[in-house]
Amino acid sequence: MKSNKIKIRAVMQKCVWSLSTLGVVIGLAIATLTISPANAQATQNLQFDVFIDANTIYFSGPPGPNPGTTFIVTGYIYPGGALAGNPQVAPPNPIGEWTCRGTFTRNASEQRPEVFTVQEFYLPDDTTAIATEGIEHGLVGMHHRDMRATIGGTGIYQNVKGQNTEYRIGVNGTGLFNLSFTFTHSLNRR
C-alpha cells in the first residue's frame with residue numbers, strides 16, 4: 001500500500017513537472033513569435049494631396065463612363081494638407097507626380113458609375129514610388145472616401161503593402177478633383 005502511494009506520488013509529480021515544462025515551452029514559443037524581428041512589421045502612415053490636371057486626360061474611345069472605356073490622367077503630389085483649401089490652380093513646388101489609368105466598369109445611366117484604377121505616386125520619380133489599385137465610385141458626393149489597396153512600390157517603398165483612403169477635397173479650376181490620400185501600410189522587410 002505504501003509503495004503504491006509512493007508510485008502514485010512519483011507519477012503525479014512527473015505529470016505536474018511535465019505540464020509545467022510544457023507550459024513554459026509554449027509560453028516561450030508565443031513570446032518568441034510575438035517579438036521576433038523576422039515577424040515584426042513596422043506600420044507607417046503617410047498622407048499626400050493630389051491636384052489632378054484635367055488638361056492631361058486622354059480617353060480611348062468616347063469620353064465618359066461607358067463600360068470598357070479606358071483613360072489616363074496625371075497630376076501633382078503635395079504634402080498632406082497642402083490642398084485643404086481646394087486651390088483652383090496647382091500650387092508651386094510639388095513633391096512628385098501622380099498618374100492614374102483606369103477602365104470604366106459601369107455607364108452613365110447607372111446609379112453609381114464606377115472605374116477601376118491603378119494610381120502611381122512618383123515621389124519624386126519612379127525610383128521612389130508607391131502603386132495602388134481599386135474601385136472609385138462616381139456620383140457619391142464630394143466627401144466620399146474610397147478604400148484602395150496599396151500594392152507595392154520602389155526604393156524605400158519596395159516592400160509596402162496595406163491600404164489607403166482616397167478623399168475628394170473638391171473640384172479644382174481644371175475641372176477635375178483635388179484629392180487627399182492617407183496610406184496605412186507595413187514595411188515588411190522579410
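The values are calculated or read from the model by the stated rules, or taken from the named source; none is laboratory data. What you see is a predicted model; the values in this text were computed from it and never measured. Cβ sites come from the backbone with ideal geometry, for glycine too, and all protein chains shown count toward neighbours. Just the protein is used for accessible areas: all its heavy atoms, side chains included, with ligands, DNA and RNA removed. Shrake-Rupley method; radii C 1.70, N 1.55, O 1.52, S 1.80 Å.
The figures follow:
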{"item": "Residue in segment 156-163 that is at pLDDT below 95 and in contact with a Leu (Cβ under 7 Å, 6 or more places away or on another chain) present", "result": "yes"}
{"item": "Subset of segment 67-111 [of a type in the set (D, E, K, R) and at pLDDT 90 or above]", "result": "97, 101"}
{"item": "Pick from segment 112-143, criterion modelled with pLDDT under 85 and in contact with a Gly (Cβ under 7 Å, 6 or more places away or on another chain), ranking: least open to solvent (accessible area, probe 1.4 Å)", "result": "113"}
{"item": "Test for residue 64: is it at positive phi and either of a type in the set (Gly, Ala, Ser) or at pLDDT below 95 (or both)", "result": "yes"}
